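Visitor: Below is the structure I would like to discuss, written out as structure tokens.
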Number of protein chains: 2
Amino acid sequence: MVDLHDDERLDYLMSEEQMKIIQSPSISAFSLDAVLLASFTYVPIKRGNILDLCTGNGVIPLLLSRRSKATISGVEIQERIYDMARRNVEINELTEQLTMIHGDLKEMPKQLGNGKFDLVTCNPPYFKTLEPRQQNNSDYLTIARHEIKCTLEDVVKACSILTRPGGKVSMVHRPGRLVEIITLFKKYKIEPKRLQLVYPKKGKEANTLLIEGIRDGSPDLKFLQPLYVYDDDGNYTEDLEEVLYGKTK
Amino acid sequence: MVDLHDDERLDYLMSEEQMKIIQSPSISAFSLDAVLLASFTYVPIKRGNILDLCTGNGVIPLLLSRRSKATISGVEIQERIYDMARRNVEINELTEQLTMIHGDLKEMPKQLGNGKFDLVTCNPPYFKTLEPRQQNNSDYLTIARHEIKCTLEDVVKACSILTRPGGKVSMVHRPGRLVEIITLFKKYKIEPKRLQLVYPKKGKEANTLLIEGIRDGSPDLKFLQPLYVYDDDGNYTEDLEEVLYGKTK
């Protein structure tokens, strides 16, 4: 039995796999960006430890569980949203592999230990904190989208401390923040290695950036093929359909 | 009359415009990258001052003269190649607008003055200095391709000092050096603003990076549409033909 609260609903996450996810338009609903990150990132396949910061309703751990036998933990600072993530693990019967943690990512090195993870993923808040009146009305969504509880530097610093030397850090963000991301990655010893731009369609500027770095890695950045979301007719491109429904890489 | 030395030859630079260029396979011949940079970069249209560092046989100043009435200077450290650039200005009857300078880019701030240019372009050596035996055999080409006479930091530093506040710096390089370029741009107060990746064809990694920054600009990086050189049949794409032969932007 699924326990749904308020305006929560139960959606299918991946149609052909019968994976389900609880979400709520007013509190937490995953975005395409999380799905893109889960598809883009390297994962250790057979063993290891993965951590997802700013996990929201846990969509990235759920998606990564299809690609990896590693243990996967998710961290969410908002208790109401953490509770959705926890129930999402239960309804998908993944309690053996997935653990959700209610807490602040800045406290995780102390709580989980330094260099314990082979991979740390994060879909962090994208926007710098604005004047209160410009912010989104819902506290839940405001905190998920704006750098209120953590700055980009807090996120990168936590990723760096939690990842083992040679381990990977994967992040999704806005292209306009790339300069900051690269500067912070370098500051915290994460060498950028793979970068992919996502374009809404041909002729538009990129609106999403996927980046993966290696803790203490050597310099050598590769740009993957750009990814287009929609074709000229307004349908998803084949590449995007592969991300959404397709083969796990 | 054109004065050609050794294995120099006179090529048409832009077929429909009757622009000619002296080049030599053993000493200096322009690459697609220079043409891409000349097409990518912002230019002041009606007035102003443009400087091209590492100008080689002067291809970038020649191409920019089609798009701008600004005065354009080129700097080349190798005298033999500088002499080709100088003759290229003459045979195209552009001595009123274009000036070639024989010298070291590191000396240019002293020689030309700080902050005197609205735009500085550069197609610098791409490769870190290798063991002598691994280097290219020709001294001319070795110096053009390897960081022997100048490092990437020398180039960015010179660009920064020579550009006026609010002026632009445009560069072409390998994607693998992006992290360094961004780090150096930030160090020398050039804010990265526009970035374009060039892919040899679909399915391949990007092999060329075009980047433009603004001296003392505010942070906000935009990714332009990716550019493909060849289509699936091995022909130039329409986008590349526009760069090579097409409308000036």
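Visitor: Which percent of the accessible area of the stretch B:57-160 is formed by carbon and sulfur heavy atoms (probe 1.4 angstrom)?
Guide: Taking all protein chains in place, the stretch B:57-160 shows 45 percent carbon and sulfur surface.
Visitor: What does the helix-only formula give at 222 nm for chain B: each DSSP H stretch with n ≥ 4 adding -39500 (n - 2.57), the total divided by the residues, and the result rounded to the nearest 500 deg cm²/dmol?
Guide: Working: 8 runs with 69 residues, N = 249.
Helices in chain B give a 222 nm mean residue ellipticity of -7500 deg cm²/dmol.
Visitor: I'd like to know which of B:CYS54, B:ILE21, B:ALA158 lies farthest towards the positive end of the charge dipole of the stretch B:9-191, counting +1 on Cβ of Lys and Arg and -1 on Cβ of Asp and Glu.
Guide: B:ALA158
Visitor: Defining the label point at 7 Å along Cα→Cβ, can you sort the distances from B:ASN235 to the same site in each other copy, shortest first, in nm?
Guide: 2.6
Visitor: Between chains B and A, what is the buried accessible area summed over both chains (1.4 Å probe, protein heavy atoms, nearest 100 Å²)?
Guide: Values: alone 12410 and 12420 Å², together 22840 Å².
When B and A are taken together, about 2000 Å² of accessible area is lost.
Visitor: Go through A:LYS128/A:LYS149; A:LYS189/B:LYS106; B:LYS106/B:LYS222; A:LYS106/A:LYS189 and tell me which ones have a Cα-Cα distance over 20 Å in this structure. Kindly include the intermediate steps, with their values, before the conclusion.
Guide: Numbers: A:LYS128/A:LYS149 11 Å; A:LYS189/B:LYS106 31 Å; B:LYS106/B:LYS222 30 Å; A:LYS106/A:LYS189 17 Å.
The pairs that break the limit, which is 20 Å between Cα atoms, are A:LYS189/B:LYS106; B:LYS106/B:LYS222.
Visitor: Please calculate the 1.4 Å probe accessible area of B:GLU90, with all protein chains present, and give it to the nearest 10 Å².
Guide: For B:GLU90, the solvent-accessible surface is approximately 100 Å².
Visitor: Could you pull out which residues in the stretch B:210-244 have an amide N less than 19 Å from a spot 7 Å beyond the Cα of B:LYS202, following the Cα-Cβ vector?
Guide: B:225-242
Visitor: Still on this structure, please answer the following. List the residues of the stretch B:207-229 for which accessible area in the full set of protein chains is at least 20 Å² lower than for the chain on its own; 1.4 Å probe, protein heavy atoms only.
Guide: When all protein chains are present, B:LEU221, B:LYS222, B:PHE223, B:GLN225, B:PRO226, B:TYR228 each give up 20 Å² or more of accessible surface.
Visitor: Going 7 Å from Cα along the Cα-Cβ axis for the label, what nanometre distances separate A:LYS187 from the same residue across the other copies?
Guide: Those separations, rounded to one decimal, come out as 1.7 nm.
Visitor: So, in Å, what gap is there between the alpha-carbon centers of the stretch A:140-184 and the stretch B:140-204?
Guide: Between the Cα centre of the stretch A:140-184 and that of the stretch B:140-204, the gap is 26 Å.
Visitor: What does the accessible area per residue of the stretch B:9-191 come to in Å², with a 1.4 Å probe and no ligands, DNA or RNA counted?
Guide: 42 Å²
Visitor: Mind listing the label-point distances from A:ASP216 to the same position on all other copies, shortest first, one decimal in nm, points 7 Å along Cα→Cβ?
Guide: Copy-to-copy label distances for A:ASP216: 4.3 nm.
The values are calculated or read from the model by the stated rules, or taken from the named source; none is laboratory data. What you see is a predicted model, and the numbers here were worked out from it, not measured in a lab. FYI the Cβ positions are ideal-geometry reconstructions off the backbone, even for glycines, and counts take in every protein chain you see. Only protein heavy atoms, including side chains, enter the accessible area calculation; ligands, DNA and RNA are left aside. Shrake-Rupley method; radii C 1.70, N 1.55, O 1.52, S 1.80 Å.
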